[in-house]
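Asker: I have a structure here, written as structure tokens, and I will follow up with some questions on it.
The values are calculated or read from the model by the stated rules, or taken from the named source; none is laboratory data. The structure displayed is predicted, hence computed values, not measured ones. Cβ: placed from backbone, ideal geometry, glycine included. Neighbour counts: every protein chain shown. For the accessible areas, the whole protein counts, side chains as well, though only heavy atoms, and no ligand, DNA or RNA atoms are used. Shrake-Rupley method; radii C 1.70, N 1.55, O 1.52, S 1.80 Å.
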Amino acid sequence: CRKSTMWKYKEFMPVDPSGIISLDEGGTPFCKCDKLGEQLGIELYVKVEGSNPTGSFKDRGMSVGITKAMELGVDTVGCASTGNTSASLAAYAARAGLKCVVLLPAGKVALGKLAQAMFHGAQVLSVRGNFDQALEAITSLALQGHLYLLNSINPYRLEGQKSIGFEIVDDLGWKSPDRIILPVGNAGNISAIWKGITEFHRAGFIDDLPRMTGIQAEGAAPIAHAIWDGQKDIVPVENPETVATAIRIGAPVSSKKAIRAIYESDGLAETVSDEEILSAQKLLARTEGIGVEPASAASIAGLIKLVNTGKIDKGEQVVCVVTGHVLKDPNIAIDACEEPIEIDPDINSLLKVIKGN
Ligand SMILES: Cc1ncc(COP(=O)(O)O)c(/C=C/C(=O)C(=O)O)c1O
């Protein structure tokens, strides 16, 4: 692996480093966003996880998870997915030579992710139901020993994803930011990042800790409601709905860990509407040049809402984790834009359009 991948922290990973299955995941861009930060009155950094090999943060967890699968000698891996987990699992399973079975909620998976899962050779099953029902089905299959489950209920996934926390501290010069904001669906990532940060804190690398702030879509927000009600457990959302299909999850498997991370870090949970998500997605792309899929933009939409409601103080140093690349959901991106203008290929037609005369 390249020096700058997540494997620079291999001493914190619970797998044999001699057999790592890797696509050089991690070492993602850490962009200071001064224009957006100045508009909001904060110091803003964006951790761009869409720059991972398959275009989302899932690759970090799959690298460790598939490395563990090889150690265990399994021959088949599987997951249920809203898309990115399946895309990543399909790629890492192919790299390791393992059979891969993925269950996707019929008609609710973004085009780019479906293309990746299919093209990397996974057996893609389209489930007549939502993600939560698909996860229940494949978990039963794993419990009967038919495959090794690599959803984020598998702790080795979180062991890889905790490296986002490592990198944020490292990128800031071995300091903790005031706050880390990220979208929350199945709730593995917020739990993993908190685990990584507290491991570095226990190792004495940092003195302070960030406030973990989880953002959910209004139509799929069981964790936010549990936090607002001071609960330790969620009430599952029967029919979660949001345009951010990656976080269209009603019964997050890591909800207890995520709720604990938010309480322990004195963090927050917030919800944002689909309109706020799509508006933040375009704002980030056109203000800072960072292209993300809708679910990722929830962290920016949540930041804006929390600043506007005074829950985030002016001057705070904030890191927003944006979790997937804009190309994952090209239909949404195109639907948000004007149709391209058709012109004849001559200078006059061009000038008329470009100069507006
Ligand atoms: C772009 C993007 N942003 C945020 C999340 C939420 O992370 P978790 O809270 O750790 O679930 C996901 C999750 C996707 C899946 O759960 C799946 O692919 O099955 C995602 O793809």
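Asker: Once both labels are modelled 7 Å past Cα along the beta-carbon direction, what's the K232-D75 spacing in nm?
Answerer: 4.3
Asker: If you don't mind, there's one more thing I want to ask. For segment 1-131, with every protein chain kept in place, what is the accessible area per residue (1.4 Å probe, Å²)?
Answerer: 40
Asker: Once label points are set 7 Å from the Cα along Cα→Cβ at both L125 and K352, what is their separation, rounded to one decimal in nm?
Answerer: Rounded to a tenth, the inter-label distance reads 5.8 nm.
Asker: Leaving out same-chain residues fewer than 8 places away, which lysines sit with a Cα under 19 Å from that of K328?
Answerer: Correct list for K328: K47, K58, K108, K113, K282.
Asker: Continuing with the same structure: Suppose every K and R has +1 on its Cβ and every D and E has -1 on its Cβ; what is the size of the dipole of segment 269-357 about the Cα centre, in Debye to the nearest 20?
Answerer: I would put it at about 360 debye.
Asker: Tell me the mean residue ellipticity at 222 nm calculated for the chain from its helices only (DSSP H runs of n ≥ 4, each -39500 (n - 2.57), averaged over every residue, nearest 500).
Answerer: Computed ellipticity for the chain at 222 nm equals -12500 deg cm²/dmol.
Asker: Then there is this: Cα convex hull of segment 206-322: mean projected area in nm², to one decimal?
Answerer: If you wrap the Cα atoms of segment 206-322 in a convex hull and average its projections, you get 7.7 nm².
Asker: Sticking with this one: With +1 on each Lys and Arg Cβ and -1 on each Asp and Glu Cβ, how big is the dipole of the chain about its Cα centre, in debye rounded to the nearest 20?
Answerer: Result for the chain is approximately 740 debye, rounded to the nearest 20.
Asker: Next up: Along the charge dipole of the chain, Cβ charges K/R +1 and D/E -1, which of H325, G310, A298 sits furthest on the positive end?
Answerer: The one lying farthest along the dipole's positive direction is H325.
Asker: Still on this structure, please answer the following. Take the cross-link list K68/K175; K68/K162; K175/K311; K32/K162; K175/K314 and give me the ones stretching past 25 Å between alpha-carbons.
Answerer: K68/K175
Asker: Taking segment 62-157, which trypsin sites (Lys or Arg not before Pro) meet the DSSP loop condition and have no more than 15 other C-beta atoms within 10 Å?
Answerer: R128
Asker: Obtain the radius of gyration and the Kirkwood radius of segment 262-357 from its C-alpha atoms and give Rg over Rh.
Answerer: 1.16
Asker: Which of L103, L40, L72 moves the most in a Gaussian network model of the chain with Cα springs under 10 Å?
Answerer: Checking each option, the largest mean-square fluctuation is seen for L72.
Asker: Where does the charge balance sit around A224 when Lys and Arg score +1, Asp and Glu -1, over other residues with C-beta under 12 Å from its C-beta?
Answerer: Net charge in that neighbourhood comes out at -2.
Asker: Sort out for me the Cα centre separation of segment 52-112 from segment 290-324, rounded to whole Å.
Answerer: That distance is 27 Å.
Asker: Could you compute the FRET efficiency for E11 and T309, with r as their C-beta to C-beta distance and R0 at 30 Å, rounded to 0.05?
Answerer: Step by step, r from the Cβ atoms, then E = 0.15.
Asker: Counting only protein heavy atoms, what percent of the accessible surface of segment 1-158 is carbon or sulfur at a 1.4 Å probe?
Answerer: Carbon with sulfur: 55 percent of the solvent-accessible area.
Asker: Show me, for segment 77-89, the HN-Hα J-couplings you get by feeding each phi into the Karplus relation (A = 6.51, B = -1.76, C = 1.60, θ = phi - 60°), rounded to Hz, glycine and proline as x.
Answerer: Listing the rounded values in order: 10, x, 7, 9, 7, 8, x, 5, 4, 5, 4, 6, 4 Hz.
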